[in-house]
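Note sheet for the following structure.
Just so it is clear, none of the values below were taken in a lab; they were calculated from the coordinates. Everything numeric in this text was worked out from a predicted model, so none of it was measured. Cβ sites come from the backbone with ideal geometry, for glycine too, and all protein chains shown count toward neighbours.
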Amino acid sequence: MSKIDRQEILDVLDGYDREDITIATLGSHSSLHMFQGAKAEGFRTAVVCEKGREVPYKRFNVADEYIMVDKFSDIVTDEVQDKLRDLNSIVFPHGSFVAYAGLDNIETIFNVPMFGNRDILRWEAERDLERKLMTESGVRIPKKITNPSKIDGTVMVKFPGARGGRGYFVANSTEEFDQKIESMLERKWIEEKDIKNAHMEEYVLGCNYCIHYFFSGLKDEVELLGIDSRYESTIDGLVRVPARDQLDIGVNASYVVTGNHPVVLRESLLPQAFDIGDKITEGAKELVPPGFNGPFCMQTLVNDDLEIVVFEMSARSDGGTNTFMNGSAYSYLYYGEPLSMGRRMALEIKKGIADNRLEEIIT
Ligand code: ADP
């Protein structure tokens, strides 16, 4: 199927009443601050929600319209798309939106205007593209190990697709790699076919910082809006076990994200954080024009050489943005008031409308 023609999206946008825009997204992941921020900036909000998952949106009262569906993936059906267009909707993408709508559908059949560059979503989903973007941008990433028989240090082993870390493991030798593969197969966390796609990279011993940036296409500038750190089960639970018992219990430690907490980087690391944001946005402009547009996140580990190593990227709002629904230390510095990522997105849309430049930030 061919990609949606940009003109088709612009035609839909052309038919919209710009005084009466709705901000819409799937009710999951990081949608709460998107709805809250959109409402704070005077937009109507619409949640597309799987039956049974509407509780937070109702209880926190952040959505004006409910488009209820049997399953989240129904967001791409003609019926839901019609409803969204009838509401003059601009969709704010996030991780669950991409996962449930599906990349192919977003590229070929989802004909509703979206904030952001829909072409860049594939660059976070496919590991080789992601590495290409980061390498060509000059961002420091973990070194890749090509063959399990060549493991000669500590490596992190990953499998295709975003799995919230499920099935990932650490190995120090080829024998340990083989043992752990067996154990992951037994737990049914991976399948036989995953083995040949195992990705191995240098294990970076350090602290986790997920840096949330906002690229303003209207200002042509990157803002650093917040930072979070992940809470992962069972690796974070292990520290609550006495050291003697960790060896046994920790054999099958996993990295399933269960939550996030807000953090700040030591101040002397901020120049590096800005440098990474600038480099990756320049690289993205070259490789996937027009590059980033709106929120993106660099997931990093900082080692004791005070080097920020990027192990993963989100090319849209990342789940950790939930840590600053009421603003972060950094977003406060820019705006002098509590400002979430969602509100920053809404401000950009508002400015796009006011300056008659909405087309530039919509795909
Ligand atoms: P997913 O995209 O499936 O959520 P990630 O790539 O974010 O998985 O990895 C899950 C977790 O594994 C990270 O939060 C981090 O704690 C750890 N991790 C990932 N890559 C490395 C690495 N190269 N070195 C050390 N830890 C890593």
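Odds and ends about this structure:
- Under-5 Å amide H pairs with MET68, H placed in peptide plane, nonlocal only: CYS49
- Gyration tensor analysis over the Cα atoms of segment 271-315 returns equivalent ellipsoid semi-axes of 22, 11, 8 Å (largest first, whole Å).
- Between ARG344, ARG118, ARG140, the Gaussian network model of the chain with springs among Cα atoms under 10 angstrom shows the greatest mean-square fluctuation at ARG140.
- Segment 230-363: radius of gyration over Cα atoms, expressed as a fraction of 2.2 N^0.38 Å: 1.31
- Shown is the FRET efficiency for GLU126 and LYS196, computed with R0 = 22 Å from the Cβ-Cβ distance and rounded to the nearest 0.05: 0.85.
- Relative to the Cα centre, the charge distribution of the chain, modelled as +1 at Lys and Arg Cβ and -1 at Asp and Glu Cβ, gives a dipole magnitude of about 620 debye.
- Fewest-first ordering of THR363, THR300, THR45 by other beta carbons within 10 Å of each residue's beta carbon gives THR363, THR45, THR300.
- Residue order, fewest to most surrounding Cβ atoms within 10 angstrom, among ILE361, ILE211: ILE361, ILE211
- Distance (nanometres) between label positions extended 7 Å along Cα→Cβ at PHE60 and ASN303: 3.7
- GNM on the chain, alpha-carbon springs under 10 angstrom: the most fluctuating residue among LYS279, LYS219, LYS144 is LYS219.
- ³J(HN,Hα), Karplus 6.51/-1.76/1.60, whole Hz, each residue of segment 111-125, x for Gly, Pro: 9, 10, x, 10, 7, x, 9, 5, 5, 7, 4, 5, 6, 8, 7
- The Rg/Rh ratio of the chain, with Rg taken over Cα atoms and Rh as the Kirkwood radius over Cα pairs, comes to 0.97.
- Spin-label pair ASP245/ALA40, simplified geometry with 7 Å Cα→Cβ offset, distance in nm: 4.3
- Helical runs assigned H by DSSP (4 residues or longer) give the chain a calculated mean residue ellipticity at 222 nm of -9500 deg cm²/dmol, each run adding -39500 (n - 2.57) before division by the residue total.
- Applying a threshold of 24 Å to the alpha-carbon distances of LYS83/LYS350; LYS51/LYS193; LYS196/LYS285; LYS143/LYS279 flags LYS51/LYS193; LYS196/LYS285 as lying beyond it.
- Here, segment 156-222 has an Rg and a Dmax of 16.7, 53 Å when only alpha carbons are counted.
- In this structure the amide hydrogen of GLY217, modeled in the peptide plane, comes within under 5 Å of the amide hydrogens of GLY294, none closer than 5 places in sequence on its chain.
- Residue among GLU182, GLU202, GLU282 with the largest mean-square fluctuation in a Gaussian network model of the chain, springs linking Cα atoms under 10 Å: GLU182
- Taking N as its residue count, the alpha carbon Rg of segment 1-74 over 2.2 N^0.38 Å: 1.24
- Separation between Cα centres of segment 173-243 and segment 286-354, rounded to whole Å: 20
- Across segment 36-181, Cα-Cα pairs more than 23 Å apart make up 53 percent of the total.
- q = 0.26 Å⁻¹: log10 I(q)/I(0) that the Debye formula gives for segment 273-346, counting C-alpha atoms only: -1.25
- Translational D in µm²/s for segment 99-168 (Stokes-Einstein at 37 °C, 0.692 mPa s, Kirkwood Rh from C-alpha pairs): 223
- Look at SER340, SER96 and count the other Cβ atoms within 10 Å of each Cβ; fewest to most, that gives SER96, SER340.
- Two numbers describe the Cα atoms of segment 148-307: Rg and Dmax, which are 18.2, 56 Å.
- Under the convention that each Lys and Arg Cβ holds +1 and each Asp and Glu Cβ holds -1, the size of the dipole of segment 90-249 around its Cα centre is about 40 debye.
- Each eigenvalue of the Cα gyration tensor of segment 211-266, multiplied by 5 and square-rooted, gives one semi-axis; in descending order these are 36, 11, 7 Å.
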